[in-house]
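Below is one structure, written out as structure tokens, with a few remarks after it.
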Amino acid sequence: LYSPFASVNKVSTVDAANQRVFVAAGTYAGTQFTMKANEMLIGQGVVAASFDAFVLGGTPGADTVDARPAINGTKPTITRNLGNTIILANGNTIVGCAIANSGVGYAVIGTSVTSLLIGNTTAGLAAADTTVTSSGTSLGCLSLTGAATGTVNVTGQITSTAGRSLLINNRSGG
């Protein structure tokens, strides 16, 4: 939180499995983000009770006084017009973001993904805290392929004016 990255592209070079990546409001154009196993991509638009509980996964010690970014706000827009925008791994979560693709590729794509959550599952949300869109010459919004089984939960809004909204191919179940 002390020295945020200027682009989502740079995060992919240093992040690791099981991490939580927080993305502040703004537009991140030309971005491709390759997620690692069990990683969470959390945008400032996430609907949650507190930053500490959702992003940090708990309450910090009493001696922690640093201000936290606001949540329940504007979704960051992560977009790409050539190639895929978000490349999934197993166990990923994407919340509080607007993911888009307007060129050759998918907004979100994964192969043999066994567990995925797109959008916050908090009951009673007035609107989706996560959106996935495609336009222009995009291949589509969400593509999941491979012989995997498991749970895929999409509570976010998926909108396509180009390509498929959802492509699920060669999965043996789930």
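Values computed for the structure shown
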item: Taking the chain and dividing mean pair separation by its residue count, relative contact order in percent (alpha carbons under 8 Å, at least six apart); result: 18 percent
item: Solvent-accessible heavy-atom area per residue, rounded to whole Å², over region 64-165 at 1.4 Å; result: 41 Å²
item: Within region 1-145: Cβ-based charge dipole about Cα centre, in debye rounded to nearest 20 (Lys, Arg +1; Asp, Glu -1); result: 300 debye
item: Around residue 140: net Lys/Arg minus Asp/Glu count, Cβ-Cβ under 14 Å; result: +2
item: Accessible-area composition of region 54-110, carbon plus sulfur, in percent [1.4 Å probe]; result: 55 percent
item: Percent of alpha-carbon pairs separated by more than 19 Å within region 55-114; result: 51 percent
item: Calculated SAXS-style log₁₀ I(q)/I(0) at q = 0.08, 0.16, 0.18 Å⁻¹ - the chain, Debye, Cα scatterers; result: -0.23, -0.92, -1.16
item: MRE, 222 nm, helices only [DSSP H, n ≥ 4, -39500 (n - 2.57), over the chain, to nearest 500]; result: -500 deg cm²/dmol
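The values are calculated or read from the model by the stated rules, or taken from the named source; none is laboratory data. What you see is a predicted model; the values in this text were computed from it and never measured. Cβ sites come from the backbone with ideal geometry, for glycine too, and all protein chains shown count toward neighbours. With ligands, DNA and RNA removed, areas are computed over all heavy atoms of the protein, side chains included. Shrake-Rupley method; radii C 1.70, N 1.55, O 1.52, S 1.80 Å.
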